[in-house]
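Quick notes on the structure that follows.
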Amino acid sequence: MKKSFKRTLKMIFGTIILVFAVSEIFVVFEILGFGSEMGNLISQVVLIVMNITAVISGYLIISRKLLTPLTEMDSASRELSEGNLNIDVAYQSEDEVGQLADSFRNFISGQTTIINDMSHVIREFKDGNFDVRSN
């Protein structure tokens, strides 16, 4: 099982446990006879904390799943624009970002093949062989 999937499961189970803990706190307040105003205030604070936790968790998941591979491909495209063809885009996935990474790898491979082929033709021309053909 992938680490990111395990983390997601941990966050889901953690949220479920938090919800059960909060419901138990409300039960305790009802048993102790605290007023409904105190319960409403606590429920609002708990909801705000849960929303903030959900937003932060969502941001972390999105940044790991989406921004990390896109940043890697951005870095690779910058190196490619500087003429470096020895680039490795390591990201592998079945999602759309993985397909983009596959397309990027295929593009780099195609460009490398074209440049190597043209270099071969130019070397042959330089050596006087004008009957050379590209691969």
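The values are calculated or read from the model by the stated rules, or taken from the named source; none is laboratory data. All values reported here derive from a predicted model rather than from experimental measurement. Every residue, glycine as well, gets a Cβ built from its backbone with ideal geometry; the counts of neighbours run over all protein chains shown.
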Under 8 Å by Cβ, and 6 or more places apart or on different chains, what pairs join a residue from region 67-89 that is at negative phi with one that is among the basic types (Lys, Arg)?
-> VAL89/ARG105
Pairing a residue in region 112-124 that is at pLDDT 90 or above with any residue that is small (Gly, Ala, Ser), where Cβ atoms lie under 7 Å and the two sit 6 or more apart in sequence or on different chains, gives ASP117/SER134; VAL121/SER134
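Given the options ILE56, ILE31, ILE61, name the one that is more than 30 Å from LEU85 (Cα to Cα), part of a helix (DSSP H, G or I) and modelled with pLDDT of 80 or more.
Only one candidate passes the filter, namely ILE56.
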Would you call GLU72 of a type in the set (Asp, Glu), closer than 30 Å to GLY14 by Cβ and either surrounded by 12 or more Cβ atoms within 10 Å (Cβ to Cβ) or touching a Ser or Thr at 6+ places or on another chain (Cβ under 8 Å) (or both)?
-> yes
